[in-house]
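*Asks:* Quick one: the structure is below, and I'll ask about it shortly.
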Number of protein chains: 2
Amino acid sequence: MKTIAVDAMGGDIGLDVTIPGAVAFLKQQADAHLILVGDAERIQAALSAAKAPLERIRIQHATQVVDMDEAPPSALKNKKDSSMRVAINQVKEGAAQAAVSAGNTGALMATARFVLKTIPGIDRPAIAKFLPAQGDHLTLMLDLGANVDCTSEQLFQFALMGNELVAALYPQRGAPKVGLLNVGTEDIKGTDTVKQTFALLQQSQLNFIGNVEGNAVFSGNVDVVVADGFTGNVVLKTIEGAVKFIGGVIKEEFKRSMLTKAAALLALPTLKNFKQRLDPRRFNGAIFLGLRGVVIKSHGGTDAEGFTYALQEAYHEIKMDSLHKIETGIARQLAAIESVSGLHDGNTD
Amino acid sequence: MKTIAVDAMGGDIGLDVTIPGAVAFLKQQADAHLILVGDAERIQAALSAAKAPLERIRIQHATQVVDMDEAPPSALKNKKDSSMRVAINQVKEGAAQAAVSAGNTGALMATARFVLKTIPGIDRPAIAKFLPAQGDHLTLMLDLGANVDCTSEQLFQFALMGNELVAALYPQRGAPKVGLLNVGTEDIKGTDTVKQTFALLQQSQLNFIGNVEGNAVFSGNVDVVVADGFTGNVVLKTIEGAVKFIGGVIKEEFKRSMLTKAAALLALPTLKNFKQRLDPRRFNGAIFLGLRGVVIKSHGGTDAEGFTYALQEAYHEIKMDSLHKIETGIARQLAAIESVSGLHDGNTD
């Protein structure tokens, strides 16, 4: 059974987004089940209005909600019966195979890490996301902000995790091409940490294609782009800003005169297709990687359609058994390294 | 007199780009003079073909050329009569007020730093660039790759330099709004170095607007975005990649069917305007900031039109007397800090 625990109260908007999103998702995936976690009475009311397939829904009551700006330690200590925490508990207890929340990112990461723990061999979880690239390719980038300071060991672990995730979700691609985000493609580029990571990746069994620059994310020629959480987060926000800005410039140009407005009318279906292809909602659903459970973070400000995509990401992971594959894959990779040099303990210098 | 020394041999293509670019530029700026540095005979031949305004051109012979992939120390040691080095010498000697090169970035920075030295109070020069933003605003971002590892003191100096440059070039904007590139807008975000930089900026006399995220570059609400050279370079390449990728998606959509092709025909002028507004050539010309002389780096692979924009950037700096303003502005800022706390020596902790 494919069951996802949903933090129904999380996000900027809460139930008005999560419930319609959940119902739309259930209509798309006939074998999916949901556990909706939060204020049972309000969830019940929202479901009645939405004509939900109730036979595939269970409501799990939770009395608290983590605030969007609440400090993670406070959420951990004072919100043990929050919709977020109880949703993750469902995964821990085996009642669900994934948890999805649009709530406070820091609190979600702290809670997920505390409740689920990390996979053996992984020091710190990372946030990963699939980004649109040429030829409708999807490029996984990580870390997107869970770790602003990273050692080369941690960056190497991000590569291992990203590699196993892509291999699990897109087996038809063969060995995922792993690139290290850097300021140039030459081997000698970058900070000391990045150079050390390069050496670790080169000695590994990964299909490491070397350093890649910021534009590689869109090239369609790389499957996993590895970065520290500071750089990764800035790149992600830059892409979001660029898409919005460039879309705005197109709009401005088509609104310039009567003539361009007439052209826009004829071009409308094309412009709509274009907009849809880069619609951030389609890429909603950041993956918390390295935990002993699947946890997906929806954008806090998304709408019901965007929330559906986050649920689809969780569904895809369950369907492809990604967690199990990541765990065994990483164990295999680390064993291979250990048998050669004990490299993953950091004694390479 | 406004005179620019041009490394005529630099770039992926060399004379076939630099000479037509130089001639086009002279036709745009009637009071500009150029010193074209390189193989005198070949420059002469290229000029004859291009109907150049010879009365505003002087040819300065140089026997060597720095290779595009030559290591900077090798260029410094073995290429003392390179077109690049001789062009920078013209600035040092006062024969020109700016130097422009499309050559090897690392060698250009090393040579410029060696020949011209840094401005008092500045430890290391940075690479800065104006990027397109909403409302045809131009956002200056630095560093773009000269310094992959930066201390908070250096990041603070980048802010000082960027602030003075924007104030000099765009006086109508008032005190430039300076933002610190970070993973969130809250004060407590980022690495230790970034947090320390935040404190330095907050105590300074700059118009510091706080932390900004990657999307802020496009917002039109910030004038100077400060980053270390690793992050800045990755962001710059990401933007270049995003523009190309999104442009490609539009093209694909308009080529999808007979109907969309017909729409494209009518929309052609609009699409052309759009393309032109984001044309990377229009933003060609990276500024080497912090040197005792104006040095502009053209993209190595640009064409004649793109090279013209790099010359325009140099011309703009000469016209606005940016170098003098930056030097006196930084001296004033540092004196103000010293009078309060001796802050710029780093004794803030």
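The values are calculated or read from the model by the stated rules, or taken from the named source; none is laboratory data. Bear in mind that the values here come from a model prediction, so they are computed numbers and not experimental data. All Cβ positions, even for glycine, are placed from backbone atoms using ideal geometry, and neighbour counts span all protein chains on display. Keep in mind that these areas ignore ligands, DNA and RNA; they rest on the heavy atoms of the full protein, side chains included. Shrake-Rupley method; radii C 1.70, N 1.55, O 1.52, S 1.80 Å.
*Asks:* Can you tell me how many residues in the range A:268-289 are touching an Asp or Glu at 6+ places or on another chain (Cβ under 9 Å), open to solvent by less than 30 Å² (accessible area, probe 1.4 Å) and within 11 Å of another protein chain (Cβ to nearest Cβ)?
*Replies:* Number satisfying all stated conditions: 2.
*Asks:* Also, I was wondering about something else. Scanning the range B:91-104 for residues that are touching a helix residue (DSSP H, G or I) at 6+ places or on another chain (Cβ under 6 Å) and open to solvent by 50 Å² or more (accessible area, probe 1.4 Å), which turns out farthest from residue B:316 (Cα to Cα)?
*Replies:* If we take residues in the range B:91-104 being touching a helix residue (DSSP H, G or I) at 6+ places or on another chain (Cβ under 6 Å) and open to solvent by 50 Å² or more (accessible area, probe 1.4 Å), then B:92 is farthest from residue B:316 (Cα to Cα).
*Asks:* OK, next. Give the range B:251-264 a look and list any residue that's among the hydrophobic types (A, V, I, L, M, F, W, C) and either open to solvent by less than 30 Å² (accessible area, probe 1.4 Å) or at the interface with chain A (Cβ under 9 Å from one of its Cβ atoms) (or both), or say none.
*Replies:* B:254, B:259, B:262, B:263, B:264
*Asks:* If you scan the range A:201-217, which residues turn out to be assigned to a strand (DSSP E or B), out of contact with any Ser or Thr (no Cβ under 9 Å at 6 or more places or on another chain) and buried (at least 20 other Cβ atoms within 10 Å of the Cβ)?
*Replies:* If the condition is that a residue be assigned to a strand (DSSP E or B), out of contact with any Ser or Thr (no Cβ under 9 Å at 6 or more places or on another chain) and buried (at least 20 other Cβ atoms within 10 Å of the Cβ), then A:208 is the only one that fits.
*Asks:* If you don't mind, another one. Given (1) more than 30 Å from residue B:229 (Cα to Cα); (2) part of a helix (DSSP H, G or I), identify the lone condition not met by residue A:302.
*Replies:* Of the numbered conditions (1) more than 30 Å from residue B:229 (Cα to Cα); (2) part of a helix (DSSP H, G or I), the odd one out for residue A:302 is (2).
*Asks:* Might you let me know whether the range B:334-348 holds any residue that is farther than 24 Å from residue B:215 by Cβ, in a helix (DSSP H, G or I) and within 14 Å of chain A (Cβ to nearest Cβ)?
*Replies:* no
*Asks:* Let me ask something else. Residue A:334 - would you say it is surrounded by 15 or more Cβ atoms within 10 Å (Cβ to Cβ) and at pLDDT 95 or above?
*Replies:* no
*Asks:* Could you run through the range B:117-129 and say how many residues are touching a strand residue (DSSP E or B) at 6+ places or on another chain (Cβ under 8 Å) and either at pLDDT below 95 or open to solvent by 10 Å² or more (accessible area, probe 1.4 Å) (or both)?
*Replies:* Within the range B:117-129, residues that are touching a strand residue (DSSP E or B) at 6+ places or on another chain (Cβ under 8 Å) and either at pLDDT below 95 or open to solvent by 10 Å² or more (accessible area, probe 1.4 Å) (or both) number 5.
*Asks:* Does at least one position in the range B:187-200 carry a residue that is part of a loop (DSSP other than H, G, I, E, B), of a type in the set (A, V, I, L, M) and open to solvent by less than 10 Å² (accessible area, probe 1.4 Å)?
*Replies:* No, every residue in the range B:187-200 fails to be part of a loop (DSSP other than H, G, I, E, B), of a type in the set (A, V, I, L, M) and open to solvent by less than 10 Å² (accessible area, probe 1.4 Å).
*Asks:* Quick check: anything in the range B:300-311 assigned by TED's automatic domain parsing to the domain that holds residue B:175 and within 30 Å of residue B:30 (Cβ to Cβ)?
*Replies:* Scanning the range B:300-311 turns up no residue that is assigned by TED's automatic domain parsing to the domain that holds residue B:175 and within 30 Å of residue B:30 (Cβ to Cβ).
*Asks:* For the range B:155-185: of the residues being part of a loop (DSSP other than H, G, I, E, B) and touching a strand residue (DSSP E or B) at 6+ places or on another chain (Cβ under 7 Å), which is nearest to residue B:224 (Cα to Cα)?
*Replies:* B:176
*Asks:* Among the residues of the range B:176-183, are any under 26 Å from residue B:297 (Cα atoms), crowded, with 23+ Cβ neighbours inside 10 Å, more than 10 Å from chain A (Cβ to nearest Cβ) and under 14 Å from the mean Cα position of the chain (by Cα)?
*Replies:* Within the range B:176-183, none of the residues are under 26 Å from residue B:297 (Cα atoms), crowded, with 23+ Cβ neighbours inside 10 Å, more than 10 Å from chain A (Cβ to nearest Cβ) and under 14 Å from the mean Cα position of the chain (by Cα).
*Asks:* Separate question: If I ask for residues that are modelled with pLDDT of 95 or more and touching a helix residue (DSSP H, G or I) at 6+ places or on another chain (Cβ under 7 Å), which ones from the range B:192-203 would you list?
*Replies:* Selection gives B:193, B:196, B:197, B:200, B:201.
*Asks:* Can you tell me which residue among B:204, B:219 is more than 9 Å from chain A (Cβ to nearest Cβ) and among the small types (Gly, Ala, Ser)?
*Replies:* B:204
*Asks:* Only one residue in A:241, A:220, A:247, A:232 is outside any helix (DSSP H, G or I) and either open to solvent by 40 Å² or more (accessible area, probe 1.4 Å) or assigned by TED's automatic domain parsing to the domain that holds residue A:163 (or both). Which one?
*Replies:* Sole residue among the options that is outside any helix (DSSP H, G or I) and either open to solvent by 40 Å² or more (accessible area, probe 1.4 Å) or assigned by TED's automatic domain parsing to the domain that holds residue A:163 (or both): A:220.
*Asks:* Which residue pairs have Cβ atoms closer than 7 Å, lie 6 or more positions apart in sequence or on different chains, and pair a first residue in the range A:84-95 that is over 18 Å from residue A:18 (Cα atoms) with a second residue that is open to solvent by less than 40 Å² (accessible area, probe 1.4 Å) and of a type in the set (D, E, K, R)?
*Replies:* Partner pairs satisfying both residue conditions: none exist.
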